[in-house]
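Report on the following structure.
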Amino acid sequence: MKQTIARYITRFLSQAGVERIWGVTGDSLNGISDSIRAEGKIRWMGTRHEEVAAFAAGAEAELTGKLAVCAGSCGPGNMHLINGLYNCYRNRVPVLAIASDIPSSEVGSHYFQETDPKAMYKECSVFCETLTHPEQMPQLLETAMRQAILKQGVSVIVLPGDIALQNMPSNADLKRWQQPLLPVIAPEATLVTAAAVLLQHSAKCVIMAGAGCKFAHDEVVTLAKTLKAPIVHALRGKEYLEHHNPYDIGMTGLIGFSSGYHALEQADTVILLGTGFPFRAFYPAKAKIIQIDIDPASIGRHTQVDLGIVADVKVFVEQLLVQLTEKTDEDFLNTCLAHYKKTRKDFDVLTHVKQGKTLIHPQTLNKLISEKAAEDAIFTCDVGTPTLWAARYLQLNGQRRLIGSFSHGSMANAMAQAIGIQAAAPERQVIAMCGDGGFSMLMGDLLTLIPYKLPLKIVVLNNSSLGFVAMEMKAAGLLSDSTDLVNPSFAAIAEACGIAGIKVDDVTKLPEAIDGLLATEGPALLEVISNKDELMMPPTIELKQAAGFGLYMLKAMFNKHGNQLIDVVKSDALRD
């Protein structure tokens, strides 16, 4: 019996180890939907929004390291995938997107729901091609899958609905899938020597480490010991370098630590290991920069480099260590570690609960979540203040994971990513740290948890504000109520969806509420009524930021918004 193209796709994906396809079904996806039902080996994960499907697939790929798949129906359906796919692309995870299209005979006729998927996906994919004829199969599918894996990115197959229902070529048997292995890129030997000479003769070395250090924790820590160099981790490097690391001094950047910022400012040589840290203002002005990255396009993209080396971080550090002599002068390192100790203490003080106070500060919430979560918990966090508090207060240990939209910076990512993670790891504790703005943006996918029995734990920080944007506006001297949110009870909404809902607005009841959340067998949501006026200070305050905040205060007074200033002072100076 002949098989359709759609049937072949699902059979081949199953053979390659794909267990789920995320998406919202539609008529142009009928061939795929029917073949999934007929084969019974791949599970269709129907979300309420295609953006959630793409985020979920990307998070599944990030957790497992394996190819994940999402799909969208023609026109608006596959357009909705695009934001989540941008996140997959920028997080460098292997995802295949099946973008179904209008009937091939109608392309170019301004047909109902007609778009140009290839043009849309051009900027967020490593491979994007349209299947126009059965003879392109099976090569097109296998090529797309291999490109996604080998280039660690998004591959897109544009599949017109009528083509999906056509028969495969008569001589096309099911191919045998061979999992491609990622190449290990060794550095040029002369460049390793050049790096060794520069580092050996530098008095104040600082290592800045990112996600490229995923498999190189021990090697990077040994390098820090050899150079007597503090390690500043980028946000995506937190889960790989923060734990079991006596040389870690936190992050830099707008949501970072002052200790990380000052170490980089005082360095004479900085070695960037697998990080694409994008914020130019936080790079040191005078230090020499050595950059190691597996992607040639990343070298020198965000700062001037004195030595750029394309290589796998682990291989590079192993070869570098052979050429280094361990340094003995620890003065700079000890100064940086002392600064970090003080910074960490200052952060931890903000989590303390004063007797008689009831206001919940987000620092307290995140510290308690970190203390009470499982040793192998997986956290996701929304962009904005949830990312800031996660970066500063969630303690990672080598077993825990922290996944977010750290490169693309999209709102509404936390619950969507957590859905994909929980489906791929049903036995793990998965906690989504959501902001009220991000959560409400894709709130409809609460309804995805029940039919798929996903025991996801959701924490919604309800401060009735787009908090991070509000801080940025204040720093720029802008007075606006556009960041204010009028929120419903998210716990009540969860209950209406058949999900356990808990609401807490008293810090003395917060530990019990968190215990209740984590002890719930199925999905649960904890709504935390939090401080709206929490100040989130960057590691350094520039003159223009101070001037901007002063301007904001003047505007607030002249426009009769003085009560806002009182709330800020009560919240942050008096720690109500």
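Would you check which residues across region 146-181 are among the aliphatic types (A, V, I, L, M), under 29 Å from residue 89 (Cα atoms) and either in a helix (DSSP H, G or I) or open to solvent by 70 Å² or more (accessible area, probe 1.4 Å) (or both) and list them?
Matches in region 146-181: 148, 149, 150, 163, 164, 181.
In region 451-508, how many are in a loop (DSSP other than H, G, I, E, B), at pLDDT 95 or above and acidic (Asp, Glu)?
Residues in region 451-508 being in a loop (DSSP other than H, G, I, E, B), at pLDDT 95 or above and acidic (Asp, Glu): 2 in total.
Quick test of your reading of the structure: residue 130 fulfils all but one of (1) of a type outside the set (Phe, Trp, Tyr); (2) loosely packed, with under 15 Cβ neighbours inside 10 Å; (3) under 23 Å from residue 15 (Cα atoms). Name the failing condition by number.
(2)
Please find, among 36, 5, 42, the residue that is in contact with a Phe, Trp or Tyr (Cβ under 9 Å, 6 or more places away or on another chain) and of a type in the set (A, V, I, L, M).
36
Between a residue in region 289-305 that is on the phi > 0 side of the Ramachandran plot and any residue that is outside any loop (DSSP other than H, G, I, E, B), which pairs come within a Cβ distance under 6 Å, given they are 6 or more apart or on different chains?
So the pair list comes out as 300/308.
Can you tell me which residue among 221, 184 is on the phi < 0 side of the Ramachandran plot and either open to solvent by less than 10 Å² (accessible area, probe 1.4 Å) or touching a His at 6+ places or on another chain (Cβ under 9 Å) (or both)?
221
Look at residue 143 and say whether it is part of a helix (DSSP H, G or I), open to solvent by 20 Å² or more (accessible area, probe 1.4 Å) and in contact with a Phe, Trp or Tyr (Cβ under 8 Å, 6 or more places away or on another chain).
Yes.
Going by the structure shown, is residue 197 free of Cβ contacts under 8 Å to residues at least 12 places away in the same chain and in a helix (DSSP H, G or I)?
Yes; evaluated as a whole, the condition is true for this residue.
Which of the strands (runs of 3 or more DSSP E) found entirely inside region 17-120 contain at least 1 residues meeting this: open to solvent by 50 Å² or more (accessible area, probe 1.4 Å) and among the polar types (S, T, N, Q)?
none
What is the residue count in region 235-266 for residues that are part of a loop (DSSP other than H, G, I, E, B), open to solvent by 10 Å² or more (accessible area, probe 1.4 Å) and in contact with a Ser or Thr (Cβ under 9 Å, 6 or more places away or on another chain)?
Final tally of qualifying residues: 1.
Starting from region 405-418, keep only residues that are not assigned by the TED database to the domain that holds residue 525, then list their pairs with residues that are open to solvent by 40 Å² or more (accessible area, probe 1.4 Å) and among the aromatic types (Phe, Trp, Tyr) whose Cβ atoms are within a distance under 8 Å, requiring at least 6 positions of separation or different chains.
Cβ pairs passing all conditions: none.
Being under 14 Å from the mean Cα position of the chain (by Cα) and either closer than 19 Å to residue 277 by Cα or open to solvent by 10 Å² or more (accessible area, probe 1.4 Å) (or both) is the requirement here; does residue 403 meet it?
Yes: the conditions hold for residue 403.
The values are calculated or read from the model by the stated rules, or taken from the named source; none is laboratory data. What you see is a predicted model, and the numbers here were worked out from it, not measured in a lab. Counting neighbours? That spans all protein chains shown, and the Cβs are built from the backbone with ideal geometry, glycine included. The area values use the complete protein model at the heavy-atom level, side chains included, leaving out ligands, DNA and RNA. Shrake-Rupley method; radii C 1.70, N 1.55, O 1.52, S 1.80 Å.
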